[in-house]
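The values are calculated or read from the model by the stated rules, or taken from the named source; none is laboratory data. Bear in mind the structure is a predicted one, so any value in this text is a computation, not a measurement. Cβ coordinates were reconstructed from backbone atoms using ideal geometry, including for glycine residues, and neighbour counts include every protein chain displayed. Note: accessible area is taken over every heavy atom of the protein model, side chains too, but ligands, DNA and RNA are not part of it. Shrake-Rupley method; radii C 1.70, N 1.55, O 1.52, S 1.80 Å.
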Amino acid sequence: MFAASDPPLADNVIADRVVVLKQERKLLLFHGQQVLKTYRVSLGTSPVGPKTRQGDHKTPEGQYVLDRRNPKSQFYRSIHISYPNAEDAARARQARVSPGGDVFVHGLPNGYGWVGEGQRLRDWTDGCIAVTNSEMDEIWRAVPDGTPIEIKP
């Protein structure tokens, strides 16, 4: 697998799928069956199990789409994950709770880029998937809107 010291992805590299392995704290960029690069990530502060409601601090599990970007996020760049999907919404409706939303892949909070790889020391997001700012630059460039993302336990 790749480490943080690996060379950056070439500018012309495009991923067609993203997979997150929550237990391993990894985000993998794929083109076809080839892993382009692997990143270490931080997750929600309560990472075990799927997100079931707003405010549970869990990172969702399932099939989603990276559907839009926010260059002016409160974090260094963010790409929205299409949570909740139909299954998540139905489960929340049955439980009579809000499923939540606003789940993203993003860099560090604005002004905290100096933390760098230290952000990986613990899970700290509200349910998002966090990488360093330099890693977010690569992901931002290599992952077009509409790319599927699968988040596995």
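Of note:
- Some residue of the stretch 129-145 being assigned to a strand (DSSP E or B), crowded, with 16+ Cβ neighbours inside 10 Å and not hydrophobic (A, V, I, L, M, F, W, C): no
- Residue among Ala86, Ala130 that alone is more than 17 Å from the chain's Cα centre (by Cα) and among the hydrophobic types (A, V, I, L, M, F, W, C): Ala86
- Counting residues in the stretch 58-68 that are farther than 18 Å from Glu150 by Cβ and open to solvent by less than 70 Å² (accessible area, probe 1.4 Å) gives zero.
- Qualifying residues in the stretch 69-112 (those that are assigned to a loop (DSSP other than H, G, I, E, B) and among the polar types (S, T, N, Q)) - the one most open to solvent (accessible area, probe 1.4 Å): Gln74
- Enumeration of residues in the stretch 1-57 that are closer than 15 Å to Ile81 by Cβ, open to solvent by 40 Å² or more (accessible area, probe 1.4 Å) and among the basic types (Lys, Arg): Arg17
- Test: residue in the stretch 50-63 that is more than 13 Å from the chain's Cα centre (by Cα), in a strand (DSSP E or B) and touching a residue at least 24 places away in the same chain (Cβ under 8 Å): no
- Positions within the stretch 101-137 being over 21 Å from Gly49 (Cα atoms), modelled with pLDDT of 85 or more and of a type outside the set (Ser, Thr, Tyr), in sequence order: Gly107, Leu108, Asn133, Glu135, Met136, Asp137
- Count of the stretch 24-45 residues which are touching a residue at least 40 places away in the same chain (Cβ under 8 Å) and outside any strand (DSSP E or B): 4
- When the stretch 80-123 is filtered for residues that are under 19 Å from Ala142 (Cα atoms) and touching a helix residue (DSSP H, G or I) at 6+ places or on another chain (Cβ under 7 Å), the ones remaining, listed by number, are Val105, His106, Gly107, Leu108.
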